[in-house]
Each structure stands twice: as structure tokens, then as C-alpha cells.
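Asks: Here it is, the structure, as C-alpha cells.
Please treat every number below as a calculation from the coordinates, not as lab data. Worth saying up front: this structure is predicted, and the values here are computed from it rather than measured. Every residue, glycine as well, gets a Cβ built from its backbone with ideal geometry; the counts of neighbours run over all protein chains shown.
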Amino acid sequence: MVQPEEQARLYRPRPELLPAAHVPSLADYRRLYRRSVEKPQEFWGDVAKEFYWKQQQQPWVPFLWYNFDATKGRIFIEWMKGAKTNVCYNLLDRNVGEKKLGDKVAFYWEGNEPGDSMKITYGELLRKVCQFANVLHNHGVKKGDRISIYLPMILELVIAMLACARIGAIHSVVFAGFSADSLCERILDCGCSLLITADAFYRGDKLVNLKQIADEALQKSKDKGFPLKKCIVVKHLGREEIAADEEIAADGACSQSPPLKRLCQDVQEKKTESSQRLHPKIPWDPHMDVWWQDLMSGASTECEPEWCDSEDELFILYTSGSTGKPKGVLHTVGGYMLYAATSFKYVFDYQPEDIYWCTADIGWITGHSYITYGPLANGATSVLFEGIPTYPDAGRMWSIIDKYKVTKFYTAPTAIRLLMKYGEELVKKHSRKSLKVLGTVGEPINPEAWLWYYRVVGEERCPIVDTFWQTETGGHMLTPLPAATPMKPGSATFPFFGVVPAIVNESGEELEGEAEGYLVFKQPWPGIMRTLYGNHQQFETTYFKKFPGYYVTGDGCRRDKDGYYWITGRIDDMLNVSGHLLSTAEVESALLGHAAVSEAAVVSHPHPLKGECLYCFVTLKDGHEFTKDLADELKKQVREKIGPIATPDYIQNAPSLPKTRSGKITRRILRKIAQNDRDLGDISTLVNPGIINQLFNNRCDTKL
Ligand code: WTA
């Protein structure tokens, strides 16, 4: 368990380990920060000068134009409107031409199977993107058209996104773990004209027949009166098979590379019953479906970019909404490009020799901003990983770090907690000495996980950037800077450049000093979303109505006496016990502090006297047994960490927790389980729906 003094301790960065840091001290951060919020025009104007603008008004008029106050009319945000540019040109042509990075590796692709790998340079990426942009043109795709992309973590995913950006089409990437229903819903919402998908892929040893799911989605979409004309299919598994067959024929050697070996085995298995394993039947409609590779082979490697307005749409990315219907968050060209690039540069303290690896899937905003747009805008070399952390064993992450000599590593607390469960030995078997900066994103990180990441993974050498942000914000909002910010385990620390946070109470009054309440932002930063696709009114209501003049994050937050910000969890995950506001994240963190607990999720539960009470689900570490004594100990632990008001009424054993594909625990479902309500609504986004019945069976009907 983390002792209070340990949590309160400041973990100071060691600037000598990052001698060329962009922001070498807290004083430098403060100076730059002040300029960024007091003179955003000058600060971002300097950043904009590093990019290519086809037509720029001199000086920019106006550089920033907005209304953030719902009581004063329509909400709008415009950065550099009237200036013309192209994001793809800035990420590729500018780096290949002006910066002479044509031969630099843009991505090392590491497949699901160890040993399956490829790399692509900036020059090659530019040519492939141009080819695919021409393919899109040939299919009649024009500026402003929406294109849905449903692909696993392969290079074609980045190529497809950038090809859209090049011709001014709007991409809507749908995470390849989503169901046919979810894909169909997103296709219909944005009215896309074309779908890009792949034949199939492996996640660990599980085959995902993606094309079949895509076909189901297309059929559903047709049934709803929206038939698509074309589906472009990347031959991904098929391409491995072809490559293997060719190589086997060429030298007959099956023993050298692991993937080839596996394929050889599979080729042999072909003769046996298990031939379906590598050769799933790909459903095919010759009028509708066309192979990516066939289209690319005839396409020109040159394509003039479409010069877009800074405020033209760049992409739509769906995020879950409280109503249950996903919201199409829309980002635009100029502001998003500046923000993704700048936050990547400062938050990871990017240096030209870095090998950077973000383990997120591109299907989420983290992958958009910090695999595709941010790193490429900086000319960085990244690892793009198709697989999962536990395949073929739980040392995979560390072995990839050693293989590519990764210097900057960005992952999620849920992954850290998962790997923690496997113990230190597996980590220590690998060197990890290349690592310089570690990052986390997606949820509050509990101090135990933070300290494990810091001590075991980073060997107390690497600062941890705990980055708080959202799909809607486009990039980091609260975050340490690696060489400048003294860290506190579990705090996202201070605002990034251009970000003005505030904490307000229920009546919308700003709280000063030490305080807890709603986290809001006061003035626009370049990466903020501009609208919800096709529903500007919902955009205004969701983010700007509750507290006029502010963007509302939906997160609770505490500011401590040193001015550090601590995200306490979603406001909708807040609960009120006998008039006291409690955050579920806070209680979870207390439970995670116990040596027997590996995961915890807390939901609010109706209570006749207190209004609401705490119902806790806990997953135990291997070797621990769920008993009444343990439940009592856990209650005591929470009482001791937070106070008697937070004493849980229920503690339930949960062999695992229901999660979305991005690793978020679905508390909505846990609330229903706690109340024995089997009307669960849509559970198609769950990665492990099988756990639900078990959790119903384990319910605490009587208090422990
Ligand atoms: C949560 C992910 C605490 C938060 C980039 C936010 C975090 C939601 C952190 C957005 C963090 C993200 N500390 N909480 N470092 N990062 N969150 O849209 O509740 O998938 O509102 O974007 O994740 O999730 P989203």
C-alpha cells in the first residue's frame, strides 16, 4: 500500500537525463505558459510559422475568433480561418522535401506474431498516401465526403487517413473491435460514401474475421435505406500467406523467421482439419468489393494536395455519449494540426533520435493524435503495434521496447495494472535501458500503478507524463512536462500551453486555491472540437450549457495546496452519500491500495437513509481468496483512506470487470448488476460480455 507521505512526495525530474529538453525547468514552463494564455495569438502564431500555408492572410485576420458563452448566442471557435493548408502535406511533403527526412523511418510495424515486422520511411509513406489518394479520386471521392475506415493496426490505416486528409475527405475511423451494429450506426450517422476494411486479423490467438463483420454492417445499413457502393479491402492475412508461399518456394527454408515458421506450420496444417485457422473464408461481392492491393498497383505515386481552409473538417471520431448514442466529435484542419504537433513535441519532449511508441489503437483519439498526426508532424519514428500486451506472453511490451530501443513510451493505466499482476520478474528480464519518458492516458492512474510504472518499468529514471485529455479536446490538457514538472503520483499536474482550467461548484462559481468541483476550461485552445457532426445543438448543450462561458469536461477535479490538479473521475461517476460528494475513482484507488486487489470498480447504489451508498466490485490478485474477513478489511481500508462517510456498504467478488475495447470499465452495467436489473441495454461494445452472468450470480444480496 502506498503510504500518504509517499503519495504527497514530489518526484522531481532529473534534467541531466534530458539535457536537450525543450522546457528544462518549471520556471521555463511558467514563462511559456503565461505567454500562451495571455497572448495566444502570438504563441500559436509562432507555432503556425513552422507549418506550410498555401495562402496566408498577412497578418492573420483574425487569428482566433470565438464565442464560448451560450447565453450570448451560437457557440463557435475559429482558428486561422481563411488561411489555406493541407495536413497531409505538412506531415509528409514538408518532411520529405524541406526537412530532408525522406529516408527516415516513419513507422516500424510490429505484427501480432513476434517477428512479423515491416518498416516504412517518410518517402515511401508519401508515395503510398498519394497512390491511395488517387484511388479515392478514381472512386469519385471529393472534398468534404465522409469515408469510414474499419481496419486493424496496420500501416494501411495510417495511409488511408492521410489520403483522406490529402484530398480534403473527412475520415471516420471506427475501432476494429466494434461490432457490426456499432459500425453501421457510425456509417449511417456520417453518411459515408465508402468503407475501407481488411480481410481478417489476429488479436493474440483470436482470429477476427473483419470482412464478415463489415459485410453485416453494410447489409444493415442497406436495410435501413443507405446502401454503399464500394468496399475497399486490404489483403492483410492473405498477404502474409502469399509472402510465405513465395519465400518457401524461393528457398525452402522454414526455420529462420518466427512468422514464417508459423506460416509454414500453418501451410502444413492446411492439409489437416485446422486449415480454417489461417484461411478464413472471406465473403466477397464482386460488384461491391475490391482489393486494396489491386487498386494501388495501377495508381500514380503523385497527387496534388487539396488546399483546405484551416477551419475545414479533418475528421470525425465517435465517442460514447450519456444518451447511449455515440457522438461524432468533429475536428478541423489547422487548429488540430498545430495542437497535436505541439503537445506531442513538448509532452514527450520529442527529439529527432527518439523511437516513440504509443500502444493505443488508432481507433481512439489517442491513436489519432499521438500515433498518426502528432508524431508525423514532428518527423518522428514510431512503433505501430498490431498485437496485445499478453501475447505470446506478458513480456511482449518489454521485448518490443528492447527490440526497437524505444525511448518514449505511452500506454494506459489499465495496461499497467494488467502487467503488474504478472510480477516484476517478467519486466526485469528485459533491459529497457533505452527508455527516457513514460506516459499514461485514459483514466486516473492509482498511486500503486504509478509507483510500479515509475520504479519497476522506468527504474526511477524516467519521468511519467500523466496526460489528462478527451476525444473532444484533441490533445493533452493537463500534463507534466518531462524535464520541468515535479510529479505527484496520480496527479495530471498542470495545464498544457494555451489551456486555462478552472474548478467550479454546482452554481458555476469559480473556486480558488484548494478546491474540488467540476473541471471546466475557460478559453479555446487550437485542438478543441468544433461541433458534433450534424448536431450543433447537442454540442452546445453537452459542453457549454451547464456553465455559460466555459467548456465543461464532465470530470470532477481537485486542486491541492500546491496548485496540482487531480482528476477525481467523471462527474457522472460521482455519488452523493448523505450529502457528501464522493468520487468513485477515489474509493477505487483506496481499494487498489490493498495487497489483494488487482482491479476495483465502484458504483453508486440507492440507499434508504443515505440517498446513495457505495457498491464495490473487486478483482483479486492470483493467490487471494474472497472471504468475509477480506471484505471487512477492504471496508476498513476505504474508511481509513477517505473517512467513515466512504465506508462501502457492499463488496462483491468480480473475477473480471466488464470493459469496452479501449479498456474502460462500464459502470453503467455494474450499476444494473448491483440493482439486479437485467435490462442492460446495448452491450455490444463490451470486450467480455460473458462475465455478466457470473457477476449477477455473485451479487451481494445481503450485506457482507
Ligand atoms: C478520462 C482519452 C484521469 C477522463 C484521451 C476523460 C483521464 C475521459 C485521463 C476521456 C487522465 C483521460 N487522468 N482521467 N490522465 N485521461 N481520462 O475521450 O474521464 O476516450 O474525460 O479520451 O477519460 O476519454 P476519451
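Asks: Send over the Kirkwood Rh of the stretch 43-83, from the inverse of the averaged 1/r over different Cα pairs, rounded to one decimal Å.
Replies: Numbers: mean 1/r = 0.0871 Å⁻¹.
After inverting the mean inverse Cα-Cα distance, the result is 11.5 Å.
Asks: Here is a follow-up. Just to compare against my own numbers: the Cα pair-distance distribution for the stretch 137-195, 10 Å bins, whole % per bin, please.
Replies: Calculated over all Cα pairs of the stretch 137-195, the distribution is 24, 54, 21 percent.
Asks: Between Rg and the Kirkwood Rh of the stretch 435-500, both from Cα atoms, what is the Rg to Rh ratio? Could the numbers behind the result be given before it?
Replies: Working: Rg = 11.6 Å, Rh = 12.0 Å.
My calculation puts Rg/Rh at 0.96.
Asks: Restricting things to alpha carbons, tell me how big the stretch 465-537 is in terms of Rg and Dmax, in Å.
Replies: Here Rg and the maximum Cα pair distance are 13.9, 43 Å.
Asks: Identify, among Leu511, Gly681, Leu695, the residue whose Cα sits farthest towards the positive end of the charge dipole of the chain, taking +1 on the Cβ of Lys and Arg and -1 on the Cβ of Asp and Glu, with the dipole about the Cα centre.
Replies: Result: Leu511, furthest along the dipole toward the positive end.
Asks: So, one more: Once the dipole of the chain is set up with Lys and Arg at +1 and Asp and Glu at -1 on Cβ about the Cα centre, which of Tyr422, Gly490, Cys130 lies farthest towards its positive end?
Replies: Looking along the dipole axis, the top candidate is Gly490.
Asks: Further, regarding this structure: In a solvent-free Debye calculation with one equal scatterer on each Cα, what is log10 I(q)/I(0) for the stretch 635-685 at q = 0.14, 0.30 Å⁻¹, listed in the order of the q values?
Replies: -0.50, -1.11
Asks: Roughly how compact is the stretch 355-477, stated as its Cα Rg over 2.2 N^0.38 Å to two decimals? Write out the running numbers ahead of the final one.
Replies: Working: Rg = 13.6 Å, N = 123, 2.2 N^0.38 = 13.7 Å.
For the stretch 355-477, the normalised Cα radius of gyration comes out at 0.99.
Asks: Over 14 Å, how big is the tail of the calculated P(r) for the stretch 71-145, in percent of all Cα pairs?
Replies: Details: 2044 of 2775 pairs.
Of all Cα-Cα distances in the stretch 71-145, 74 percent exceed 14 Å.
Asks: Still on this structure, I have one more. Taking the stretch 289-363 as the region of interest, what is the percent of Cα-Cα pairs per 10 angstrom bin, listed from the shortest bin to the one with the maximum distance?
Replies: In whole percents, the pair-distance histogram is 13, 24, 36, 23, 3.
Asks: Give the longest segment of the chain that steers clear of GluC sites (Glu not before Pro) in DSSP loops with at most 14 neighbouring Cβ atoms within 10 Å, not counting the sites themselves.
Replies: Numbers: sites that count: Glu50, Glu98, Glu302, Glu353, Glu424, Glu459, Glu460, Glu506, Glu509, Glu512, Glu514, Glu625.
Looking at the chain, 99-301 is the longest stretch - no exposed GluC sites (Glu not before Pro) with at most 14 other Cβ atoms within 10 Å.
Asks: For the chain, with the dipole built from +1 on Lys and Arg beta-carbon atoms and -1 on Asp and Glu ones, taken about the Cα centre, which of Tyr339, Ser369, Leu162 lies farthest toward the positive end?
Replies: The listed residue farthest towards the positive side: Tyr339.
Asks: Of His476, His624, how do they rank once you tally other Cβ atoms within 10 Å and put the fewest first? Kindly include the intermediate steps, with their values, before the conclusion.
Replies: On the way: His476 30, His624 15.
Fewest to most other Cβ atoms nearby, the residues stand as His624, His476.
Asks: DSSP loop (so not H, G, I, E, B), at most 10 other Cβ within 10 Å: list which trypsin sites (Lys or Arg not before Pro) in the stretch 1-109 pass both filters. Present the calculation step by step, with values, prior to reporting the outcome.
Replies: Values: sites: Arg9, Arg30, Arg31, Arg34, Arg35, Lys49, Lys54, Lys72, Arg74, Lys81, Lys84, Arg94, Lys99, Lys100, Lys104; in loops: Arg9, Lys54, Arg74, Lys81, Lys99, Lys100, Lys104.
Sparse-neighbourhood loop trypsin sites (Lys or Arg not before Pro): Arg74.
Asks: Could you tally the net charge around Gly513, taking each other residue with its Cβ under 9 Å from the Cβ of Gly513, Lys/Arg +1 and Asp/Glu -1? Before the final figure, lay out each step's value.
Replies: Details: positive: Arg559, Lys561; negative: Glu512, Glu514.
Net local charge, Gly513 excluded: 0.
Asks: Give the lysines whose C-alpha is closer than 20 Å to that of Lys488, dropping any in the same chain fewer than 8 places away, or say none.
Replies: Straight-distance partners of Lys488: Lys408, Lys436, Lys561, Lys641.
Asks: May I ask you to give the average projected area over all directions of the convex hull of the Cα atoms of the stretch 509-635, in nm² rounded to one decimal? Don't jump to the answer; show the numbers that get you there.
Replies: On the way: hull surface 46.1 nm².
Over every viewing direction, the Cα hull of the stretch 509-635 projects on average to 11.5 nm².
Asks: With both bridge residues required to lie in the chain, what share of the DSSP beta bridges run antiparallel, to the nearest 5%? Kindly include the intermediate steps, with their values, before the conclusion.
Replies: Details: 61 of 100 bridges.
Of all bridge pairs located within the chain, approximately 60 percent are antiparallel.
Asks: So, one more: Rule-of-thumb check for the stretch 612-661: C-alpha Rg over 2.2 N^0.38 Å? Each step should come with its number before you reach the end.
Replies: Numbers: Rg = 11.9 Å, N = 50, 2.2 N^0.38 = 9.7 Å.
My calculation over the Cα atoms of the stretch 612-661 gives 1.22.
Asks: How large is the helix-only mean residue ellipticity at 222 nm for the chain, computed as the sum of -39500 (n - 2.57) over DSSP H runs with n ≥ 4, divided by its residue count, in deg cm²/dmol to the nearest 500?
Replies: Working: 21 runs with 210 residues, N = 704.
After summing the helix terms and dividing by the residues of the chain, the value is -9000 deg cm²/dmol.
Asks: Quick one: what do you get for the stretch 323-388 if you divide its Cα Rg by 2.2 N^0.38 Å? Show your work: numbers first, answer last.
Replies: Details: Rg = 13.1 Å, N = 66, 2.2 N^0.38 = 10.8 Å.
With N residues counted in the stretch 323-388, Rg over 2.2 N^0.38 Å equals 1.21.
Asks: Under the Kirkwood approximation applied to all pairs of distinct alpha-carbon atoms, what is the hydrodynamic radius of the stretch 66-109 in Å?
Replies: Details: mean 1/r = 0.0726 Å⁻¹.
After inverting the mean inverse Cα-Cα distance, the result is 13.8 Å.
Asks: Further question: Determine the dipole magnitude for the stretch 62-123: charges of +1 sit on the beta-carbon of Lys and Arg, -1 on that of Asp and Glu, nothing else is charged, the reference point is the Cα centre, and the result goes in debye to the nearest 20. Don't skip to the answer; put the middle values down first.
Replies: Working: 9 positive and 8 negative charges, 94 e Å.
The dipole magnitude comes to about 440 debye.
Asks: Is there a pair in Lys39/Lys345; Lys327/Lys545; Lys39/Lys81; Lys104/Lys429; Lys128/Lys220 whose C-alpha atoms are over 25 Å apart, and which pairs would that be? Display every interim value, and only then the final one.
Replies: On the way: Lys39/Lys345 20 Å; Lys327/Lys545 17 Å; Lys39/Lys81 18 Å; Lys104/Lys429 30 Å; Lys128/Lys220 32 Å.
Flagged as over cut-off: Lys104/Lys429; Lys128/Lys220.
Asks: Treating the stretch 497-581 as a set of equal point scatterers at the Cα positions, no solvent, please give the Debye-formula log₁₀ I(q)/I(0) at q = 0.11, 0.14, 0.23 Å⁻¹.
Replies: Taken in order of the listed q values, log10 I(q)/I(0) reads -0.32, -0.52, -1.21.
Asks: Pulled fully out, how much extra length does the chain show between Asn676 and Gln538, if you take 0.36 nm times their separation in residues and subtract their Cα-Cα distance? Numbers along the way, then the final one.
Replies: Working: separation 138, 0.36 × 138 = 49.68 nm, distance 3.21 nm.
Extra length from Asn676 to Gln538 when fully extended: 46.5 nm.
Asks: If you build the Cα gyration tensor of the stretch 284-439 and take the root of 5 times each eigenvalue, what three semi-axes come out, in whole angstrom, biggest first? Walk me through the intermediate numbers first.
Replies: Working: eigenvalues 196, 89, 77 Å².
One finds semi-axes of 31, 21, 20 Å for the stretch 284-439.
Asks: I need two numbers for the stretch 580-703: Rg to one decimal and Dmax as a whole number, Cα atoms only, in Å.
Replies: Spelled out, the Cα radius of gyration and Dmax of the stretch 580-703 are 13.8, 38 Å.
Asks: Treating only the Cβ atoms of Lys and Arg (+1) and Asp and Glu (-1) as charged, compute the dipole magnitude of the stretch 550-696 about its Cα centre; round to the nearest 20 debye. Could you put the intermediate results ahead of the total?
Replies: Details: 19 positive and 19 negative charges, 43 e Å.
So the magnitude is around 200 debye.
Asks: Considering every pair of different Cα atoms, what Kirkwood radius, in Å, is found for the chain? Display every interim value, and only then the final one.
Replies: Values: mean 1/r = 0.0379 Å⁻¹.
Its Kirkwood hydrodynamic radius stands at 26.4 Å.
Asks: Mind putting a number on the dipole of the chain about its Cα centre? Charges go on the C-beta only, +1 for Lys and Arg and -1 for Asp and Glu, and I need it in Debye to the nearest 20.
Replies: Numbers: 84 positive and 88 negative charges, 115 e Å.
For the chain, the charge dipole is close to 560 debye.
Asks: While we're looking at this one, here's another question. Given the stretch 424-577 reduced to its alpha-carbon atoms as identical point scatterers, what log10 I(q)/I(0) does the Debye formula return at q = 0.10, 0.16 Å⁻¹?
Replies: Summing over Cα pairs of the stretch 424-577 leads to -0.41, -0.91.
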